[in-house]
């Protein structure tokens with residue numbers, strides 16, 4: 001499969017697939033060659049060996065096997081752990097996660113993760129994931145349903161990563177998206 005076919009064939013998982021490809025050291029997602037070059041050919045032309053190709057294919061298959069909950073919001077256990085550690089450092093051990101998207105960035109909307117001490121029953125929907133409450137403004141639920149919030153850390157930085165099947169596009173820097 002070409003890189004374009006991989007991403008277009010699974011639009012609900014394209015962000016996560018693209019992130020996995022980028023994490024492997026490839027920046028082919030926006031490359032003009034991605035429409036006609038297979039993942040294997042692209043990796044070989046950039047000096048990767050068959051073991052590295054096989055490893056990335058396993059990673060991509062794992063992403064594809066993960067079940068999405070189109071009626072919820074998933075916060076991975078790594079993200080919950082990171083959120084709770086940050087909340088503790090801020091003296092907000094009992095806080096929930098406020099998940100929002102606001103106008104801004106290159107593509108129209110940017111994500112906001114914040115602390116929330118109490119949901120407004122008239123204005124918010126409360127989701128639960130891995131022992132964490134997530135508060136979402138009722139007007140934003142349609143944009144955020146099915147999203148996954150993960151946390152990664154490494155030599156290139158650490159932070160929360162959001163995969164959202166509702167995003168129709170994103171900017172080159174990955175800081176904003178359109179719906």
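Laboratory data are not the source of any read-out in this text; all were calculated from the coordinates shown. Model, not experiment: these values are computed from the prediction. No Cβ is skipped: glycine too gets one built from the backbone with ideal geometry, and neighbour counts run over all protein chains shown.
Each of 134, 86 has some number of other Cβ atoms within 10 Å of its Cβ, and from fewest to most they run 86, 134. In this rough spin-label picture, where each label sits 7 Å from Cα along the Cβ direction, the residue 62-residue 123 distance is 4.0 nm.
For the chain, the longest principal axis of the C-alpha atoms and the axis of helix 77-89 are separated by about 50°. Within the chain, the proportion of C-alpha pairs whose separation exceeds 23 Å stands at 46%. Neighbour counts of C-beta atoms inside 10 Å place 45, 152, 121, 116 in the sequence 121, 45, 152, 116, starting with the fewest. Treating r as the C-beta distance of residue 102 and residue 10 and R0 as 35 Å, the FRET efficiency rounds to 0.80. The residues 23, 120, when put in order of fewest to most other Cβ atoms within 10 Å, stand as 120, 23. Compared with the dominant principal axis of the Cα atoms in the chain, helix 14-23 is inclined by about 70°.
How would region 3-65 be classified by its alpha-carbon gyration tensor: rounded, prolate or oblate, with rounded meaning a/c under 1.5 and the a/b versus b/c comparison settling the rest? Here region 3-65 falls in the oblate category.
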